[in-house]
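In what follows, a single structure is set out as C-alpha cells and then discussed.
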C-alpha cells in the first residue's frame, strides 16, 4: 500500500512510542503490543476513487460524461451499445456491490461457529480496600503483615486473553447462516434481473433512435415533395389556371413539412442523448448509422439500409411461453431465495426458546510495575436459558412468521406479474410482426395513389384538396413503414426481456 506523508505522520509516532515502551518494559505488554501493531497495519482504508463530497461527485461525473468519444470505432451496433452499457452502468455496479455485501454477510454468519478470542489490557490504581487487596492477591504479594482494612494505594496492570465458544444456541447460528446464503442468492438473482432489464432498455432506445433518424429521412422526403407541389402550383398560378389560394395552401403544407422535419430531428437528438446516458459517453458522428430512405421501395430492398434485421417469429400461442418465463426470469429465483431466507429466520427465532451453552476460558497476567507478572487461568462452561423476556421472544417469532408470509405473497404476486408480462409481450410481438407486412402493402398503395394524383394535378385534372389528401396518406404510409420494422425489433427485445433471455447472455 502506498503511504502518504500524512500516513507516516499519523501512524509512525504511536508505533514508535509503543516499541519504546515494549523495549524498556519487556513484561506483560509484549503480546498485546504485537497484536496491536499487526492489527493497526491492516486497518487503513484505501482512498475512494470518487469523492464523498457533492463537488467531488459532480466533478467526477462531469469528466466522465463530457469525455470525448472514442475514435475509429466504426458504426455503433446494438451489440456494441449493449456491451458498453453493461460495462459502464452505475446501477449494475450498485447491484454488484450489494452481492459483495451479501457475500460478506454469509461470512459474518459463519463467524458464529468459531470461538471468539479477545485480548484486553487494563491499568488501575486505587486505595479502595477491596480492589487494592484483590490486586495484591492477583499479583501473589499477600503476606501475613498485609493490612486487609488499609492495604494502601496499589497499582495493577492486567492483561487478559479471553476465549468463548458457543457450542449450542438452539440452531440459530445454523439457520442464520442458511438465511444469509439465501439472501446472497437473491442478490445475485437481482443483479441478473437488472442486467436483463438494462439489455432490453438499451435495445429499445437504440432501435427507437434509429427509428427517429429514419423519420428524419421521411420528413426530408415529405418536405421535398411539398416543395415540388408548391413549384407546380406556382406555375399554374402564373399561367392563370389556378387560384392564389391554392398556392397558399400548398405553401402552408410546405411549412408544416418543415415543422415535422424539425420535430423529427429534435426527437432523434433526444433519443441519442438517452442512448449516450446509457453508454456514459458521447456518440461520435462517424458512429451514427446511415438511415437513407431514398431508393428503397420495399422491405427486401430496405433490408440493407435503414431497416433492421427482421425480428424472430413471435410465438403463435402466448400462453406457451409463460412456463418458460417463470423458469428463466431471475426475479422468480430472487423471490424464492427471499422466501427461503425468511423460512430460515423463522427457525432461527424458534431457537431463542432453547438454552445457550458456552465454553469459556481466560489467561490473565497481573503486574504492579510492568514486570514480574503473575499469571492465572480459568476455564468453565456456562448455560443461559431465558425464561421470561416480557414477550420479546414470542414477538420476534411472530414477526419472522409474518415476514415469511409477506415473502410468499410477494413471490406469488411476482409470478403473476411475470406471467402477464410475457403474455402481453408475446401478443405485442405478434402484432408488430404482422404490421410490417401491412405497412408495406399500405405504402405501395399510398405511393401509387400519390403519383397518380400528382400527375392529375400536373395535368390540371385534380384539385389541391385531392393532392393534399394523397400527400398526407403517402407521408403516413412512409412513416408507418419506416417505424414498423423498428417497432417489431423493440417488441422482440421486450419479449426476450419478459422471457429472461438477456439475464445470462
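The values are calculated or read from the model by the stated rules, or taken from the named source; none is laboratory data. Just so it is clear, the model here is predicted, and its values are computed rather than measured. Reconstructed Cβ throughout: ideal geometry from the backbone, glycine too, with neighbour counts over all protein chains shown.
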In this structure, is residue 187 more than 30 Å from residue 360 (Cβ to Cβ) and in a helix (DSSP H, G or I)?
-> yes
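In this structure, is residue 383 within 32 Å of the chain's Cα centre (by Cα) and modelled with pLDDT of 90 or more? Lay out the reasoning, then the answer.
Values: within 32 Å of the chain's Cα centre (by Cα): no; modelled with pLDDT of 90 or more: yes.
So residue 383 fails the test.
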Give just the number: which of (1) over 56 Å from the mean Cα position of the chain (by Cα); (2) not in a helix (DSSP H, G or I) does residue 122 not satisfy?
-> (1)
Taking segment 435-488 and keeping residues surrounded by 19 or more Cβ atoms within 10 Å (Cβ to Cβ) and either without any contact (Cβ under 8 Å) to a residue 12 or more places away in the chain or out of contact with any helix residue (DSSP H, G or I) (no Cβ under 8 Å at 6 or more places or on another chain) (or both) leaves none
Residue 375 vs. criteria modelled with pLDDT under 90 and more than 30 Å from residue 218 (Cα to Cα) = yes
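Quick one: which of 387, 370, 397 is assigned to a loop (DSSP other than H, G, I, E, B) and within 18 Å of residue 170 (Cα to Cα)?
Values: 370 fails: within 18 Å of residue 170 (Cα to Cα); 397 fails: assigned to a loop (DSSP other than H, G, I, E, B).
Sole residue among the options that is assigned to a loop (DSSP other than H, G, I, E, B) and within 18 Å of residue 170 (Cα to Cα): 387.
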How many residues are surrounded by fewer than 16 Cβ atoms within 10 Å (Cβ to Cβ) and assigned to a helix (DSSP H, G or I) when one looks only at segment 277-293?
-> 3
Number of the exception - residue 412 against (1) more than 32 Å from the chain's Cα centre (by Cα); (2) surrounded by fewer than 16 Cβ atoms within 10 Å (Cβ to Cβ); (3) on the phi < 0 side of the Ramachandran plot | (1)
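Would you mind stating whether residue 354 is without any contact (Cβ under 8 Å) to a residue 40 or more places away in the chain and over 30 Å from residue 125 (Cα atoms)?
Values: without any contact (Cβ under 8 Å) to a residue 40 or more places away in the chain: no; over 30 Å from residue 125 (Cα atoms): yes.
Answer is no for this residue.
Do you know which of the residues in segment 125-163 that are in contact (Cβ under 8 Å) with a residue 40 or more places away in the chain and in a helix (DSSP H, G or I) is surrounded by the fewest Cβ atoms within 10 Å (Cβ to Cβ)?
Going residue by residue through segment 125-163, those that are in contact (Cβ under 8 Å) with a residue 40 or more places away in the chain are 135, 138-141, 154-163.
Then drop every residue that is not in a helix (DSSP H, G or I), which leaves 135, 138.
Details: 135: 23, 138: 20.
Applying the filter and picking the extreme gives 138.
Is it the case that some residue within segment 173-185 is within 30 Å of residue 79 (Cβ to Cβ), touching a helix residue (DSSP H, G or I) at 6+ places or on another chain (Cβ under 8 Å) and modelled with pLDDT of 85 or more? Full working, then the answer.
Going residue by residue through segment 173-185, those that are within 30 Å of residue 79 (Cβ to Cβ) are 185.
Restricting the remaining residues to those that are touching a helix residue (DSSP H, G or I) at 6+ places or on another chain (Cβ under 8 Å) gives 185.
Okay, now just the ones that are also modelled with pLDDT of 85 or more, so 185.
For segment 173-185, residues within 30 Å of residue 79 (Cβ to Cβ), touching a helix residue (DSSP H, G or I) at 6+ places or on another chain (Cβ under 8 Å) and modelled with pLDDT of 85 or more: present.
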